[in-house]
């Protein structure tokens, strides 16, 4: 059997830059995955016949009600990720984007999937954050995030 991965797009909305930067996170609930953890405000699977850029913009509109021009997406890292259980749904390639410009005011659009939404300084993230996302956020804060990362191997 061929190895398969599930692609996903993550959008980290930022206000401010450098050590003063804040990131918008949502508190997961009712999803069955890492409920009670803080996570990227917008993230989800890339759908059939959809580019990762289109998926990122779609997820931002669906989850926090903002419109993003694909040109405003800044690639941060691509993460090859596994849970190590050989279950195809747990073999991932995650594309993380940063974004400093969008239209609209971020708000919770899917209340059944998120309990809260908030801005947090990179230097004072809430606890807990979804572990692989925390890895990316810590890498950004420490300015050591590689272009391509592997997680869980």
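Things worth noting here:
- Residue check: residue 95 meets all listed conditions (1) exposed (fewer than 14 other Cβ atoms within 10 Å of the Cβ); (2) assigned to a strand (DSSP E or B); (3) touching a helix residue (DSSP H, G or I) at 6+ places or on another chain (Cβ under 7 Å) but one, namely (1).
A quick yes/no check of all residues on (1) more than 17 Å from residue 34 (Cβ to Cβ); (2) free of Cβ contacts under 8 Å to residues at least 60 places away in the same chain; (3) more than 13 Å from the chain's Cα centre (by Cα):
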| position | (1), (2), (3) |
| --- | --- |
| 55 | yes, yes, no |
| 59 | no, yes, no |
| 64 | yes, yes, no |
| 70 | yes, yes, yes |
| 105 | yes, yes, yes |
| 142 | yes, yes, yes |
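- Residues located in segment 56-68, provided they are in contact with a helix residue (DSSP H, G or I) (Cβ under 8 Å, 6 or more places away or on another chain) and surrounded by 20 or more Cβ atoms within 10 Å (Cβ to Cβ): 56, 57, 66, 68
- Comparison of 45, 100, 80 shows that the only residue that is touching a strand residue (DSSP E or B) at 6+ places or on another chain (Cβ under 7 Å), surrounded by fewer than 19 Cβ atoms within 10 Å (Cβ to Cβ) and without any contact (Cβ under 8 Å) to a residue 60 or more places away in the chain is 45.
- Residues in segment 28-42 that are touching a residue at least 24 places away in the same chain (Cβ under 8 Å) and in a loop (DSSP other than H, G, I, E, B): 29, 30, 31, 34, 36, 37, 41.
- Residue check, residue 75 touching a strand residue (DSSP E or B) at 6+ places or on another chain (Cβ under 7 Å), modelled with pLDDT of 95 or more and exposed (fewer than 14 other Cβ atoms within 10 Å of the Cβ): yes
- Scanning segment 1-22 for residues that are free of Cβ contacts under 8 Å to residues at least 60 places away in the same chain and over 14 Å from residue 141 (Cα atoms) gives 1, 2.
- Among the residues here, residue 25 does not qualify as under 21 Å from residue 131 (Cα atoms), in contact (Cβ under 8 Å) with a residue 40 or more places away in the chain and touching a helix residue (DSSP H, G or I) at 6+ places or on another chain (Cβ under 8 Å).
- Matching residues in segment 114-132 - criterion: being part of a loop (DSSP other than H, G, I, E, B) and either surrounded by fewer than 17 Cβ atoms within 10 Å (Cβ to Cβ) or modelled with pLDDT under 95 (or both): 123, 124, 126, 127, 128
- Boolean, residue 53 is surrounded by 13 or more Cβ atoms within 10 Å (Cβ to Cβ), in a helix (DSSP H, G or I) and in contact with a helix residue (DSSP H, G or I) (Cβ under 7 Å, 6 or more places away or on another chain): yes
The values are calculated or read from the model by the stated rules, or taken from the named source; none is laboratory data. The structure displayed is predicted, hence computed values, not measured ones. Neighbour counts are summed over all protein chains in view; Cβ atoms, including those assigned to glycine, are modelled from backbone coordinates with ideal geometry.
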